[in-house]
Amino acid sequence: MSNNPWWKHAVVYQIYPRSFYDSNGDGIGDLRGIIRKLDYIRDLGVDAVWLNPIYQSPLDDGGYDISNYRDILPEFGTLHDFDELVEGLHQRGIRLIMDLVLNHSSDEHPWFVEARSSPTNPYRDYYFWKKGRGSGPPNNWPSFFGGSAWEFDPQSNEYYLHLFSRKQPDLNWENPRLRQELYDVLEFWLKRGVDGLRLDVISAISKRTDFPDTYTHDFNETIRKYYANGPRLKEFITEMRHQVLNRYPACMTVGEGPGITPENALEYLDEQNGLNMIFHFGHMFMDQGPGGRFDPVAWSRSDFKRVFSTWNRALGENGWGSVFLGNHDFARMVSRWGNDGEFWRESATLLLTLLLTQRGTPFIFAGDEIGMTNTWLSRVTDSHDIETLNGWREAQKKGMTEQEFLARANYSGRDNARTPFQWSADRNGGFTTGNPWTTVNPNAPLINADRQKGDPDSILSYFRSLLQFRKSHPCLSVGTVEVVAHLPEQLFAYTRQIGSEKLLIVLNFSNDPLILDDSLLPGPRSRLMSNYSDVLPNRLRPWEARIEQL
Ligand code: TEU
Ligand code: CA
């Protein structure tokens, strides 16, 4: 494979299909809706699109519970629509990355229906079944979605493992027949023209088959120590490469999964035997306490800055990471890291500058290019997310009131990221002519693509010009990165260099203006781009981002 593969220079646009655009008025986003918006996607200047799962599924976890790996969920469309979408993307020079969930299937997948039917069924050990301990589950592992990671099956008097929902039984990668079935699934999509694969929860496919109790109540610690980075992980990834991926050398693979750390990241990556890149979550969990998502803790800008330098050091020259500030699993980036009130535009454009000037492949979540913000649930029952609904069930057991839980869910819950894309000021934000499957953010008349398309000062216009700028400055993708040390906490500055091209990025990560002590930054330098229309000497305004030539 060339040492300059397409994905090192690419910017990826993540689409949550259910919320992108509804073409047939049933209130649900679909593939034909994405086809209708291909020119919008092209005009962004992105190089690839990543689709969240579109396979047949009972939708217990937004499609991450697959019941048929080789067909499209009917409400999203058909395989014919899929082929037309691939064609439409490729015609525009845009690649397609699919999301494959290989750590678990749906409990409605025929494999599990068979497996559950009897302990002697040939599909039984496609999954993990174990006798209970005393009157309880085999061990004390908690599920990501509350409760035990084991579900009792009265028919066989055994438990089955599910790190996520009980409708997402974990697949048993110890079974070579199962592994081959999954490799065949990969080949099915690669043969259909898919250019890349996002491998969901790949960090957890190798289990500690002795299933020891976790010693800690810190959930992220339990993930790192017991769920992720199991003994045969590298072996399985290598086998996947040799069995199928190496026959499609242009296919990009990005591994996703909790428990990938700076210490173990390079283990996942290898030209021949590993993945091309990994998502790292360092910054995405730093405001989560021991209880996980609904146990928020304060985060600091120094922690945030440190995450980026830690990961750059960890990945170094050989490794390659993806960079993201938001996706379908986290709150909207401008609400979480920026200021979606007084400095909405400035902080959204600063975050986009950060995202698009880091080393690695940036993944931009659809909606962040127009500054879409968090939504607001006034009742937990308005949530469509199993993680939030189950989280509320667990919170009640601890005596939490609905208002207390809602404050946490509205801060960090996944519903924030899944509101329909805001296309225009029309009804339902122009997303659907029907009744949307989930509530459109009430600020859609103010925040929408139509309103921003023609406005040169909009977030959308800034994003588009930033993408063009990035394409004409290779140091921003494959160049080295050097963080400027000893700066005030609110100031984040780093250089990017390749050969004689050297840029300085300066970000005032704050609501407060800053008197800029020029001697702290490398120079001399000249302004190339900024999210403010002018530059004040020795002063940075709130959320001011600058890119300068050194
Ligand atoms: O998420 C796996 C993961 O990294 C979790 O920590 C994730 O943040 C999730 O919200 C639980 O907190 C992947 C998918 O991105 C997620 O949407 C799925 O729910 C999950 O796997 C199970 O397939
Ligand atoms: Ca539809």
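The values are calculated or read from the model by the stated rules, or taken from the named source; none is laboratory data. A quick note: this is a predicted structure, and the numbers were derived from the prediction, not measured. Note that each Cβ is placed from the backbone with ideal geometry, even for glycine, and that neighbours are counted across all protein chains shown.
General remarks:
- Answer from ASP210, ASP195 - the residue that is more than 26 Å from the chain's Cα centre (by Cα) and either assigned by TED's automatic domain parsing to the domain that holds LYS234 or of a type in the set (A, V, I, L, M) (or both): ASP210
- Hey, ALA485 at pLDDT 95 or above and in the same structural domain as VAL535 (by TED's automatic domain parsing) or not: no
- Residue check for THR432: of a type in the set (S, T, N, Q) and more than 22 Å from the chain's Cα centre (by Cα): yes
- Single match in ALA444, ALA425, ALA409 (criterion: crowded, with 22+ Cβ neighbours inside 10 Å and within 24 Å of ASN24 (Cα to Cα)): ALA444
- Any chance GLY25 is surrounded by fewer than 23 Cβ atoms within 10 Å (Cβ to Cβ), within 29 Å of LEU275 (Cα to Cα) and either modelled with pLDDT of 95 or more or not assigned by TED's automatic domain parsing to the domain that holds LEU269 (or both): no
- Taken over the range 259-290, the criterion of being touching a residue at least 60 places away in the same chain (Cβ under 8 Å) and within 21 Å of MET98 (Cβ to Cβ) is satisfied by TYR268, LEU275, ASN276, MET277, PHE279.
Conditions tested, residue by residue: (1) of a type in the set (A, V, I, L, M, F, W, C); (2) modelled with pLDDT of 95 or more; (3) not in a loop (DSSP other than H, G, I, E, B).
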{"position": "PRO138", "(1), (2), (3)": "no, yes, no"}
{"position": "PHE152", "(1), (2), (3)": "yes, yes, yes"}
{"position": "GLN168", "(1), (2), (3)": "no, yes, no"}
{"position": "GLU174", "(1), (2), (3)": "no, yes, no"}
{"position": "GLU181", "(1), (2), (3)": "no, yes, yes"}
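- Of the residues making up the range 304-337, those that are within 26 Å of GLU369 (Cβ to Cβ) and among the charged types (D, E, K, R) number 4.
- Filter result for GLY134 (within 16 Å of ligand 1 (Cβ to nearest atom) and farther than 17 Å from ALA115 by Cβ): no
- ILE237, sole failed condition from (1) in contact with a strand residue (DSSP E or B) (Cβ under 8 Å, 6 or more places away or on another chain); (2) closer than 23 Å to TYR13 by Cβ: (2)
- Scanning the range 409-446 for residues that are within 16 Å of ligand 2 (Cβ to nearest atom) and in a helix (DSSP H, G or I) turns up ARG427, ASN428, GLY429, GLY430.
- TYR127 vs. criteria within 16 Å of ligand 1 (Cβ to nearest atom), free of Cβ contacts under 8 Å to residues at least 60 places away in the same chain and of a type in the set (Phe, Trp, Tyr): yes
- Residues in the range 248-264 that are farther than 17 Å from LEU197 by Cα and either within 16 Å of ligand 2 (Cβ to nearest atom) or in contact with a strand residue (DSSP E or B) (Cβ under 6 Å, 6 or more places away or on another chain) (or both): ILE260 alone.
- Top-ranked residue of the range 65-77 - restricted to ones that are touching a Ser or Thr at 6+ places or on another chain (Cβ under 9 Å) and not aliphatic (A, V, I, L, M), ranked as surrounded by the most Cβ atoms within 10 Å (Cβ to Cβ): ASP65
- Scanning the range 351-379 for residues being among the small types (Gly, Ala, Ser), more than 19 Å from ARG95 (Cβ to Cβ) and buried (at least 24 other Cβ atoms within 10 Å of the Cβ) gives a total of 2.
- Filter result for GLU108 (farther than 27 Å from TRP6 by Cα, surrounded by fewer than 19 Cβ atoms within 10 Å (Cβ to Cβ) and modelled with pLDDT of 95 or more): yes
- Test: ILE386 is within 16 Å of ligand 1 (Cβ to nearest atom) and closer than 22 Å to ILE15 by Cα: yes
- Yes/no for GLY62 being of a type outside the set (Phe, Trp, Tyr), surrounded by fewer than 22 Cβ atoms within 10 Å (Cβ to Cβ), within 16 Å of ligand 1 (Cβ to nearest atom) and not assigned by TED's automatic domain parsing to the domain that holds ILE498: yes
- Residue within the range 103-117 that is in the same structural domain as LEU275 (by TED's automatic domain parsing), of a type outside the set (Phe, Trp, Tyr), in contact with a helix residue (DSSP H, G or I) (Cβ under 7 Å, 6 or more places away or on another chain) and part of a helix (DSSP H, G or I) present: no
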